[in-house]
Amino acid sequence: MANDSSPGSILATDCGSTTTKAILIDRDATGYRLVARGEAPTTVEAPFEDVTLGVRNAVGELEELTGRSLLGPDGLPSPGRPGSPGLFLSTSSAGGGLQMMVAGVIKSMTAESAQRAALGAGAIVMDTIAIDDGRRPHEKIRRIRDLRPDMIVLSGGVDGGTVTHVAQVAELIAAARPRPRLGSSFRLPVIYAGNVKAREHIRKVLGELVDLRVVANLRPVMEREELGPAREEIHHLFMEHVMAQAPGYATLSGWTPVPIMPTPGAVGLAMQSVARLHGTSVIGVDIGGATTDVFSVFGADQELFVRTVSANLGMSYSVSNVLLEAGADNVLRWLPLPVSPADLTNRIRNKMIRPTTIPQTLEELLIEQALAREALRLALEHHRTLARGLKGIQRLRHVGETFSQEATGQTHINLMELGFLVGSGGALSHAPRRMQAALMLLDAFQPEGVTRLAVDSIFMMPQLGVLWAVHPEPAAQVFERDCLVHLGTAVAPVGVGRPGERVLTVRGVLPTAGEVEEELLAGQLRVLPLAPGERADLELSPAWGFDVGAGKGRRARVGVQGGVCGLILDGRGRPLILPPDPPERRRKLVEWFLSVDAYPADLLKRQAGPPIRG
């Protein structure tokens, strides 16, 4: 139960680029629960140019749904009830969210640290400037001048090191004389988080041209990265400069006692809180219309948090970029029906003309979900490039080998250690059948060993993230009870076997099925009954050459949790390799989809049809 200082009612809004969402949370005898959700178009742009109108409209829909008065006589949000004080919170990505550039000396070292700081603070990184980025000075200057970011983070050098190189980057920024995207009368904020020895020189070069803020070095020594001070300053400047210039945000800020948080930053905070709550590693993904965000939390104490934005991978406005980056063959490999590359291209062109349309037939749905698989796969590949250890450090490799310089940082993403995979966004949260969402996550991310799967039911993670910052208990209760839809647990042995050979034996007692001893064969996809809220202790015995977490061929005892999809046994192999022959591949996909009841059997068989000719 919440303590007496916790609010009785919580009203939280998220001002997105197109839609403003509002949720109402109440406390009852059992704790906190979601009461209702409302939404309305965001009104930050012309002709309204006042974000508070969209907030009031979304709250007005909540009033209609609940029959309660949530706006006071003065039009301000007032969620409290008699004798029960209320709280109003908000997040925002309206007006394009927080758009930043980062700069550093070496692209794969200090510039990458600056990029991690910006992404973790909820920003979209528009470009990265570095001495070694391959562009000539005048090209970098023009790029800085043309992009007009909300702010720039400049980093470079360890404390006490050489000043020359970071000074060169600062002089490029000075030559560009950049202007902020919003508020033409304001100077562009620049955060310097580099070598302390260069601070005075940086002030001389940039102090009169920009709003310069100096914080602790992101890389005080080569072996350590300190992102906290830079991220805090980014949040502060986001409120002071970016939000203050957006129409209506000054008014909105006055309505809430808690600073408005960038939507991606709030989701990242929610992911970190989930990892600590469950004591496990987490990967979260939000696949939107224009971008796909990936969040990961790994480490013994869940201390390794990374967020990336794949700005050109989305399911509506950026869907053509998915096809361009993935290639038609990679999209078509997920389709159980014959579609030619030309037909696929034409369908995606139609989607670009009408980006907000949703699939109307099974064929359209299968194509959209094939594109979603590739967008998710590419976003994870992008995420791996930043979710890694520091480059340039000295590391002892093994006994008998001297210290050598690490050429590339090792990724933090270990899919065998992953305990929780959470999906969000329309393609996942609103899939007609939950098993479709589970398959998209399994196919795109290919989790290994034992992994829980879930989707965000109505995308309330931003509101819960900002709530977690001030009242963790209500946020955790609503997250578990109303936010997540638990799909179930996936068991995926690592290894590749010949079709039909045993890869795993599962033994245990399931609440519904009783005592079970099931064999999983190579190439199979199966489901065992394990409903939401049910748990089971299982013994997993992999075949020689296969691993479920304890080592090749070694048995593992694991606890698994149920969900709407049950216990999913994935014997398709890791890595997942599809048959190269198109007709055989389509036949195999139909077999998998039918084995887990992912699509209507009659429609799927009819759509698959005869093999395509030519």
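The values are calculated or read from the model by the stated rules, or taken from the named source; none is laboratory data. Because the structure is a prediction, the values reported are computed rather than measured. Using ideal geometry, Cβ is built from the backbone for each residue, glycine included, and neighbour counts are taken over all protein chains shown.
Observations on the model:
- Single residue of LEU332, LEU371, LEU313 found to be modelled with pLDDT of 90 or more and closer than 21 Å to GLY423 by Cβ: LEU371
- Matching option when the condition is in a loop (DSSP other than H, G, I, E, B) and either in contact with a strand residue (DSSP E or B) (Cβ under 9 Å, 6 or more places away or on another chain) or closer than 30 Å to GLU303 by Cβ (or both), among ARG179, ARG187, ARG203: ARG187
- Top-ranked residue of the range 1-17 - restricted to ones that are surrounded by fewer than 24 Cβ atoms within 10 Å (Cβ to Cβ) and of a type in the set (S, T, N, Q), ranked as modelled with the lowest pLDDT: ASN3
- Filter result (assigned to a loop (DSSP other than H, G, I, E, B), under 17 Å from ASP14 (Cα atoms) and not aliphatic (A, V, I, L, M)) within the range 50-80: ASP50, SER78, PRO79
- The set of residues in the range 330-381 that are in a helix (DSSP H, G or I), of a type outside the set (A, V, I, L, M, F, W, C) and touching a residue at least 24 places away in the same chain (Cβ under 8 Å) comprises ASN330, ARG349, LYS351, GLU363, GLU368, GLN369, ARG373, GLU374, ARG377.
- Selection of the range 512-542 for residues being of a type in the set (Ser, Thr, Tyr) and either touching a helix residue (DSSP H, G or I) at 6+ places or on another chain (Cβ under 6 Å) or assigned to a strand (DSSP E or B) (or both) yields only SER541.
- Single residue of ALA444, ALA431, ALA476 found to be in a loop (DSSP other than H, G, I, E, B) and buried (at least 19 other Cβ atoms within 10 Å of the Cβ): ALA431
- Listed by position, the helices (runs of 4 or more DSSP H) contained in the range 207-321 that have at least 2 residues being crowded, with 23+ Cβ neighbours inside 10 Å, in contact with a Pro (Cβ under 9 Å, 6 or more places away or on another chain) and not assigned by TED's automatic domain parsing to the domain that holds MET109 are 263-278.
- Residues that are closer than 23 Å to GLU539 by Cβ and among the charged types (D, E, K, R) within the range 551-596 comprise LYS552, ARG554, ARG555, ARG557, ASP570, ARG572, ARG574, listed in sequence order.
- Residues of the range 86-108 that are more than 15 Å from PRO462 (Cβ to Cβ), buried (at least 24 other Cβ atoms within 10 Å of the Cβ) and hydrophobic (A, V, I, L, M, F, W, C): MET100, MET101, VAL102, ALA103, VAL105.
- Only residues that are outside any helix (DSSP H, G or I) and not aromatic (Phe, Trp, Tyr) were counted in the range 190-200, giving 5.
- Residue in the range 54-74 that is buried (at least 18 other Cβ atoms within 10 Å of the Cβ), of a type in the set (Gly, Ala, Ser) and at pLDDT below 85 present: no
- Against the numbered list (1) in a strand (DSSP E or B); (2) touching a residue at least 24 places away in the same chain (Cβ under 8 Å); (3) charged (D, E, K, R); (4) closer than 20 Å to TYR249 by Cβ, GLU39 comes up short only at (2).
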